[in-house]
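The values are calculated or read from the model by the stated rules, or taken from the named source; none is laboratory data. Here the structure is a predicted model, which is why all the values come from computation and not from measurement. Please note: Cβ atoms are built from the backbone with ideal geometry, for glycine as well, and neighbour counts cover all protein chains shown.
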Amino acid sequence: MSPPRVGPLRWCRFARRPDAGPAGWTPAVHDPVTRRHEGVAARDFPHNRRIAETADTAGGATPRRRRRFTKRHVLGTGLAIAVVVATFAFVLPRIADYRDVWGVVKTLSWTDVALLFGAVLLNLVTFAPPWMAALPGLRFRQAFVVTQASTASTYVAPAGVAVGMALSFAMLRAWGFAPSAVGLAVALTGVWNQLAMLAAPAIALGLLAFTGASHTALDAIAAIGLAIFAVVVAGFAAGLSTPALAHSIGDLAARIVSWALRLVRRGPVRWNGESFVRFRNRTNRLLRRRWHVLTLATLAGQLTVFLVLLVSLRVLGVTGSEVSAVEAFAAWSLVRLLGSIPITPGGLGVVELGLTTALVGFGGGQVEAVAAVLVYRVLTVVPTLVIGLVAGVTWKRFRPDHPVDDAAPALEGRATPDDPDLASDS
């Protein structure tokens, strides 16, 4: 069916509008020479947009910037591929033949499989509680969906952690939570996880010293982690102490970040000391009520990951006389800290190589250690990838059925006009 025309006026069936013509046609003037459409629906035609962009470029206007792969991206991708290939194709096979590793895995009994399944299930259910503590009003089902989808993205995206945080923020905002409350939750869960990761090697060092064992590499990494932990805690505490100090720290941080962004030809940040003061007020209000819940939930989430490794070691033949629980925790905490360096997505290749080397160095059998590490990585990555993929497709169905109680915005993550600290950022 061709559109009706009266002189130069053509009714174009491109989009329904309140002023649409007969049978849903939208009025626009068609120029047969330039093939441009003028009028109500002019901006809706892709051909018009291409002509406008060409004209702007020819007239000296700056064309829209398109994302391109830079040399840094190419080098980063090449390095990640090289690390993964070198680890799985060359290094690990030299430590233990994959056929021998598979032979060890096949010796698992149904009891061993049940123990592994229980450890994995416990690990999965501990993803949600830290977010429930940091964002009051968030239920377990929604928190589980958010954490699985965002964690899965960290395993496949080059800038995994940043992508995961952005995805968490977008999902929670789409569910109706205030941006200020969501931003606070993203910041607090990230800070608490990083603090736990930095503190673990130092705790492991203390436990090794208590048991009479030591490890030179762990001593160095633990000292670095402890120093960074102390600096982060001191800076975080100072920023939350007084509004004046928070304002000064916020202004200083904004200047430093804006300076760094100028080096990569990016614009300055939009936040400043005032933004940091508002963040400080909301953080203090939440932490006064929930710091202990957030801390315990974060520790539970971290330790259940280690539990999967410990069960993998024991069921695959690495006994306590070869690698004790303290030594396994030391190796795990060391490698977790090294794996947080964004070389490969999810530390793929880095974690496997580092953890195998550390466990063998502590006295574990080569074949059994490689088998335990590979099983541990499969059980901590693959379930989250599968569940995260499903969550990424179906997450809109998990929108809270009932709106969060606006009468308690400080607890429920919503802004009201009576709460300027929350409403100012909404």
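Filter segment 161-190 down to the residues that are closer than 22 Å to Arg288 by Cβ and within 12 Å of the chain's Cα centre (by Cα) and list them by number.
Val186, Ala187, Thr189, Gly190
Quick one: which of Val311, Val326 is over 22 Å from Gln194 (Cα atoms), outside any loop (DSSP other than H, G, I, E, B) and more than 25 Å from the chain's Cα centre (by Cα)?
Val311
Anything in segment 333-368 that is surrounded by fewer than 24 Cβ atoms within 10 Å (Cβ to Cβ), in contact (Cβ under 8 Å) with a residue 40 or more places away in the chain, of a type outside the set (Val, Ile, Thr) and over 20 Å from Arg99 (Cα atoms)? List them, or say none.
The answer is Arg336, Leu337, Leu338, Ser340, Pro342, Pro345, Gly346, Leu348, Gly361, Phe362, Gly363.
Could you go through segment 294-302 and let me know if any residue there is closer than 30 Å to Val375 by Cα and of a type in the set (Ser, Thr, Tyr).
Yes: segment 294-302 contains one or more residues that are closer than 30 Å to Val375 by Cα and of a type in the set (Ser, Thr, Tyr).
Just checking, which of Ala166, Ala170, Ala185 is modelled with pLDDT of 85 or more, in a helix (DSSP H, G or I) and crowded, with 17+ Cβ neighbours inside 10 Å? Lay out the reasoning, then the answer.
On the way: Ala166 fails: crowded, with 17+ Cβ neighbours inside 10 Å; Ala170 fails: crowded, with 17+ Cβ neighbours inside 10 Å.
Only one candidate passes the filter, namely Ala185.
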